[in-house]
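The next block holds one structure in the form of C-alpha cells; read it before the comments.
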C-alpha cells in the first residue's frame, strides 16, 4: 500500500481513507451476500399447489406409458417407432394438461413457459426419431442441443428435479 500511495502521491490520510473505503466495501459486500441477497434456485416454483398438481399430471402420464410395451424390446424399427409414437401422444397430452394449471407469479409463469418450451422441443425430437426409424431403420435418436451444448432433455429434467417433479422427468422410453 505504501508503494501505491507513493505512486499516486497520496498523503497518509488519503491512504488511510482509501484503506477504510476498501475494507468497508468488502464488509458491505459480504453483509449483502449473507443477509440481503436473494437465496435459493431461481428456477424454483414458489407455488406448492402447482407443483403437487403438476406431479400428479406427470405421474398419470408415466402410468399410461408404463402400460405400453418397451420400445427397446421391439422386434423391428417400425414396431419401435409405433411404441415411441404412442408414448409421445401421452406426453403431448401431459404437456397440454400442465399448460392448463394456473400460476399467479410472473416468475413462475416465465419459468414454466420456458420449461414447457423445452418439452415442445423434446416432443419434436421424439417425432423426428419416429420418422427416422420408419425411413432409415435402426438408428439412434437425435436430441436438440442448447446453447451450452447440453441436450434440451437435460435442461428439462434439471428443472423438474429442482422443483421435485420426479414424474416430470423424461420417461426414458426410447
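Some values worked out for this structure:
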quantity: On Cα atoms only, tilt of 48-66 relative to the major axis of the chain in degrees; calculated: 30 degrees
quantity: Helix 12-31 axis, angle to the chain major axis (alpha carbon atoms, nearest 10°); calculated: 30 degrees
quantity: GNM flexibility winner over the chain from 64, 106, 46 (Cα, springs under 10 Å); calculated: 106
quantity: Given (i) 1.21; (ii) 1.29; (iii) 1.66, the label whose value is Cα Rg over 2.2 N^0.38 Å derived from this model; calculated: (iii)
quantity: Virtual spin-label span in nm between residue 150 and residue 105, 7 Å along Cα→Cβ; calculated: 2.1 nm
quantity: Whole-number percent relative contact order across the chain, with pairs defined as alpha carbons under 8 Å at least 6 apart; calculated: 27 percent
quantity: 0 to 90° range, to nearest 10: angle between helix 106-136 axis and the chain longest Cα axis; calculated: 40 degrees
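None of the figures in this text is laboratory data; all of them are computed from the coordinates on show. Predicted model only: the values in this text are computed from it and were never measured. Reconstructed Cβ throughout: ideal geometry from the backbone, glycine too, with neighbour counts over all protein chains shown.
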